[in-house]
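*Asks:* Please find one structure pasted underneath; my questions will follow.
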Amino acid sequence: MRITHFFIFLFIFSISLFVFLEPQSYATNEEDNVPKMELEDFILYEIDKLGVKSVVSGTLGRQFETYYEVENAHYIENKNKIGEHLYADFGRFEEDVAYLNDNVRYFREDGLSFESDHAIYDTKKELLYVPNNFILTQNENIIYGSELHYNSFTGEIDAKKVNANYYIQEKKK
């Protein structure tokens with residue numbers, strides 16, 4: 001066999017491999033599932049001209065293209081004077097909305113608090129929505145219910161299937 005025949009054979013063989021065999025497909029990750037940044041034991045401050053608007057802290061944070069996730073999330077809203085705190089085992093923050101899951105707790109410095117498994121908080125509109133059962137307390141008053149709507153700007157609360165233990169103080173004469 002001549003050397004030219006060998007190279008012609010090699011060329012035809014390589015072309016036939018390219019035509020008849022498909023390239024291997026490799027497993028690819030969606031770019032959205034790969035965090036752009038990860039933080040451990042962190043505190044993030046949102047600051048405007050007037051000062052600190054809000055604070056988010058957690059034990060593990062992952063920033064993605066359009067959202068970020070926080071484990072053991074603690075969110076502090078500083079828009080008004082009542083000192084609002086939101087806690088959750090897991091939080092997903094997309095633009096102005098926080099999706100909170102597992103052991104969600106809300107506290108205000110005036111004594112109002114609630115607990116639930118899931119909550120959605122729109123930080124821009126200051127609306128908190130709990131789609132399932134909750135326990136709301138203020139001092140010794142306890143309210144059980146489902147589907148809580150709370151407007152932290154106006155203080156209005158709306159809920160379904162409410163069962164409450166409410167204590168009224170007697171007026172002193």
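The values are calculated or read from the model by the stated rules, or taken from the named source; none is laboratory data. Predicted model, so just to flag it, every value in this text is computed and none were measured. When we count neighbours, we look across all protein chains shown, and the Cβ atoms used for this are built from the backbone with ideal geometry, even at glycine.
*Asks:* How many residues are modelled with pLDDT of 85 or more and in a loop (DSSP other than H, G, I, E, B) when one looks only at the range 153-173?
*Replies:* Looking only at that region, the number is 1.
*Asks:* Given the criterion surrounded by 13 or more Cβ atoms within 10 Å (Cβ to Cβ), under 30 Å from residue 66 (Cα atoms), in contact with a Lys or Arg (Cβ under 8 Å, 6 or more places away or on another chain) and not acidic (Asp, Glu), identify the matching residue among 87, 129, 150. Explain how you work it out, then say what you get.
*Replies:* Numbers: 129 fails: in contact with a Lys or Arg (Cβ under 8 Å, 6 or more places away or on another chain); 150 fails: in contact with a Lys or Arg (Cβ under 8 Å, 6 or more places away or on another chain).
Just one listed residue meets the conditions, 87.
*Asks:* Search the range 30-44 for residues being among the charged types (D, E, K, R) and assigned to a loop (DSSP other than H, G, I, E, B), and hand back the single one that is modelled with the highest pLDDT.
*Replies:* Ranking the qualifying residues of the range 30-44, first place goes to 36.
*Asks:* Which residue, of 92, 108, is surrounded by 14 or more Cβ atoms within 10 Å (Cβ to Cβ), charged (D, E, K, R) and touching a His at 6+ places or on another chain (Cβ under 8 Å)? Talk me through it step by step, then tell me what you get.
*Replies:* Numbers: 92 fails: touching a His at 6+ places or on another chain (Cβ under 8 Å).
Just a single option satisfies the conditions, and that option is 108.
*Asks:* Cβ-Cβ under 8 Å, sequence separation 6+ or interchain: first residue in the range 49-76 and without any contact (Cβ under 8 Å) to a residue 12 or more places away in the chain and surrounded by fewer than 16 Cβ atoms within 10 Å (Cβ to Cβ), partner assigned to a strand (DSSP E or B) and acidic (Asp, Glu). Which pairs?
*Replies:* Within 8 Å, no pair qualifies.
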